[in-house]
Amino acid sequence: MKLYNTMSRRIEDFVPIVPGHVSMYCCGPTVYNYAHIGNLRTYIFEDILKRTLRRAGYSVKHVMNITDVGHLTGDGDDGEDKMEKSARESGKTVWDIAEFYTKAFFRDEEELDIIRPDIVCRATDHINDMIALIKRLEEGGHTYTAGGNVYFSIDSIDDYGKLARLNIDELKSGARIEVDSNKKNPKDFVLWFTNSKFAGQAMTWDSPWGRGYPGWHIECSAMSMKYLGEHFDIHCGGIDAIPVHHTNEIAQSEAATGKTWVNYWCHGEFLLMGNAKMSKSSGGFVTLQTLLDKGYNALDYRYFCLTGHYRSQLRFSYEALDAAKSAREGLVERVCQLKAEAAPSSAPSEKAAEYMKAFDDAMENDLSAPQALSMLWKLVKDGEVSSADKLAAIYHMDEILGLDLAKAEAPKKEAVGTEDDLKLLEERTAAKKAKDFKRADEIRDELKRRGFNVKDTPSGPILERIE
């Protein structure tokens, strides 16, 4: 198994801390709005990674957080609390907002056939863990209190910004916002707010520093270490988390423990809408429900994501999604035909096994999904592989692709044509079975004169009206 490690900027052999076991933490959603399809691309990539690790023989402990407090509209300490903003605009409580959008998020994941994490941890359930970690940082001399808030001092460590390869001397803060005057260094960040920028903050807790709420970054450090320990294998997220969120997570985690926190950092690239990344702040973002309302299947979008490598930007358009939909539906139709012909083989042939190995090799080489998908299509079209062997190999591949092909059913078509037309269709079927191909062709021609083409499907021939 090989993975690209953002920390080293190269593809590395994956070697887990504990042989045979993988500990993996993924940054979850901030539940103040629906996830857009750019967000969901990241969760699909993480699902593919988990499935591939399992195929490679590892057990995987997958932890994901739900940020239901403390994420400001800016990635630093600027902007308004997203939960508070959404609550104010909707007239609901922040707790209702969190519950509603958490359920919506997991509905999307279920539609996309994303395997639920082993542990889903809500930030609001782990405030004491965050306070304990902040106290640990305080005892180590990494914090200071100013203006009522507790800050992490990046000058207390000597490798801040190593993930993003930031040059601290060249960083300029305040280009977009007014710099927090309480900060000793513009890149210092808040661990605990007691002095909220907004009156009447709804979510607050008692702490040694006063009643308040945690900064965004401390959440992931506290929860990941609670469930995976102070040193674990893989941390995933979107590429936009690298310069601030993941950078700050590393700073506070390694300052607290004095050792390497995560071995492999894996990031998914942006989904582009036009020439810009999709984002909620820009407005007009596309949700999974948007696609469902337009008549797409959620798995059409999953297939679309598989056509691009997770580390490459992927440009979304409805034309591209149409192509993915057509390809997936064609694949489903092929699988249904194979099911009608045979049951999956329990011992695939040598040639089928070669396809399976080539597929696994592609996926285990930094999740090369487009290459693996092409291997699937090559198998489907190979006339030298039996239907039973094809099915077995396809099911093997789909355990990683997650296209739910084992449950594939041919789409049901509404009856087209009059009763007399359908009787002619039945007569043509009987003529073909009797090898009376002359009569079958005559009936086909007659049906064409009546305005119908005959289409053979896995569930039998149907009439399609000629447009």
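Tabulated results
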item: For region 419-465, the spread of Cα positions along each principal axis, largest first, Å; result: 26, 24, 16
item: Distribution of pairwise C-alpha distances over the chain, 20 Å bins, in %; result: 21, 47, 22, 8, 1
item: 15 Å beta-carbon shell around residue 367, net charge (K/R +1, D/E -1); result: -2
item: Dipole in debye (nearest 20) - the chain, about Cα centre, beta carbon charges: Lys, Arg +1; Asp, Glu -1; result: 680 debye
item: Rel. contact order, % - alpha carbon contacts under 8 angstrom, at least six apart, the chain; result: 17 percent
item: Whole-number Å³ per residue for the convex hull built on Cα positions in region 2-268; result: 125 Å³
item: Degrees between helix 369-381 axis and first principal axis of the chain (Cα, 0 to 90, nearest 10); result: 10 degrees
item: Cα long-axis angle, helix 437-449 against the chain (0 to 90 degrees, to the nearest 10); result: 60 degrees
item: The chain, accessible area per residue, ligands and nucleic acids excluded (1.4 Å, Å²); result: 46 Å²
item: Using alpha-carbon coordinates, inclination of helix 37-55 to the longest axis of the chain, degrees; result: 80 degrees
item: For region 353-467, the Rg and Dmax computed from alpha carbons only, in angstrom; result: 19.8, 57
item: The chain: calculated mean residue ellipticity at 222 nm from DSSP helix runs of at least 4, using -39500 (n - 2.57); result: -13000 deg cm²/dmol
item: Cα-Cα pairs of region 273-401 separated by more than 17 Å (percent); result: 62 percent
item: Accessible surface of the chain [probe 1.4 Å, protein heavy atoms]: carbon and sulfur percent; result: 47 percent
item: Sequence ranges 97-103, 336-342, ranked by mean other-Cβ count within 10 angstrom, highest first; result: 97-103, 336-342
item: Exceeding the 23 Å Cα-Cα cut-off - candidates 294/381; 277/378; 2/50; result: 294/381; 277/378
item: For region 273-401: relative contact order, % (alpha-carbon pairs under 8 angstrom, 6 or more apart); result: 27 percent
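The values are calculated or read from the model by the stated rules, or taken from the named source; none is laboratory data. What you see is a predicted model, and the numbers here were worked out from it, not measured in a lab. Note that we place each Cβ from the backbone using ideal geometry, even for glycine, and neighbour counts take in every protein chain shown. The accessibility values were calculated without ligands, DNA or RNA, using every heavy atom of the protein model including side chains. Shrake-Rupley method; radii C 1.70, N 1.55, O 1.52, S 1.80 Å.
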